[in-house]
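Working notes, structure below.
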Amino acid sequence: MSDNRKIQLLEELEDQFHSVQAKITKARDEYLAAHEKDYEKAKKAYERTRKRLQEARKKVTTEAEKARKTGTTKAQNSLKKARAAAMVLSDALTEAKDIMTTAEDKMKAAKPFDRKLAARSKALAQFEKEWDKKQKESAKKRSEAAKKRRAQMKTAVKKPPSADA
């Protein structure tokens, strides 16, 4: 294979590497953006639910106080409803917290992307360094071989034919 063809193939491979690297970076950014959005959404839902749960707990406390004071069936039923609402909100709060935790974990999962991108960049830099070194060595060997051939040709031209033959 000619040197020009090798260089052309190397440049093609390098371009492909850079395009893959760019695609991976873009995918990582999109992945992070999507999960950050999910995280923020879950965080807002969590905060809303937490506030509603606090209000429901206050209501349960006031209803319990009413039921204790009056002892009527209406107050008892109102207390049961308030407790049920508080339980539902508590479940919703737990669910929102789980969603938020999952989104946060997915955002943390993007860290291996960063390590892979850094490793690929480092590998490319090392490969390019080694390639340049090999190219220089190859050129040096060719020039040395050419010098050696020229020197042999000069000595062959200067040597008269031997009389032994």
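Conditions: (1) modelled with pLDDT under 80; (2) surrounded by 12 or more Cβ atoms within 10 Å (Cβ to Cβ). PHE127 meets all but one. Number of the miss?
Failing condition for PHE127: (1).
Being among the acidic types (Asp, Glu), surrounded by 12 or more Cβ atoms within 10 Å (Cβ to Cβ), closer than 30 Å to GLU130 by Cβ and touching a Leu at 6+ places or on another chain (Cβ under 9 Å) narrows it down to one of GLU14, GLU63, so name that one.
GLU14
Is segment 108-116 home to any residue that is at pLDDT 80 or above and in a helix (DSSP H, G or I)?
Checked segment 108-116: no residue is at pLDDT 80 or above and in a helix (DSSP H, G or I).
When you scan segment 17-35, how many residues do you find that are more than 14 Å from ARG120 (Cβ to Cβ), exposed (fewer than 12 other Cβ atoms within 10 Å of the Cβ) and not aliphatic (A, V, I, L, M)?
Total satisfying the criteria: 2.
Please go through segment 103-124 and give me each residue that is surrounded by 14 or more Cβ atoms within 10 Å (Cβ to Cβ) and farther than 17 Å from ALA27 by Cβ, ordered by number.
ALA103, GLU104, LEU124
If a residue has to be among the aliphatic types (A, V, I, L, M) and touching a residue at least 40 places away in the same chain (Cβ under 8 Å) to count, how many in segment 28-57 make the cut?
4
Here is a check on your reading of the model: is SER78 modelled with pLDDT under 80, surrounded by 15 or more Cβ atoms within 10 Å (Cβ to Cβ) and more than 35 Å from the chain's Cα centre (by Cα)?
The answer is yes for SER78.
Only one of ASP105, ASP98, ASP91 is at pLDDT 80 or above, acidic (Asp, Glu), assigned to a helix (DSSP H, G or I) and under 30 Å from VAL20 (Cα atoms). Can you tell me which?
Answer to the selection: ASP105.
Please determine whether any residue of segment 43-65 is under 27 Å from ASP114 (Cβ atoms) and not acidic (Asp, Glu).
Yes.
Between residues in segment 107-120 that are touching a residue at least 12 places away in the same chain (Cβ under 8 Å) and residues that are basic (Lys, Arg), which pairs lie under 7 Å by C-beta distance while being six or more apart or on different chains?
ALA110/ARG28; PHE113/ARG28
Identify all residues within segment 121-147 that are of a type in the set (S, T, N, Q) and more than 19 Å from GLU12 (Cα to Cα); write none if there are none.
Answer for segment 121-147, where residues must be of a type in the set (S, T, N, Q) and more than 19 Å from GLU12 (Cα to Cα): SER138, SER143.
Of the residues that make up segment 129-142, is at least one closer than 20 Å to GLN21 by Cβ, among the basic types (Lys, Arg) and touching a residue at least 12 places away in the same chain (Cβ under 8 Å)?
The answer is no; no qualifying residue exists.
The values are calculated or read from the model by the stated rules, or taken from the named source; none is laboratory data. Note that the structure is a prediction, hence the values are computed from the model and not measured. Heads up, the Cβs are rebuilt from the backbone with ideal geometry, glycines too, and the neighbour counts pull from every protein chain shown.
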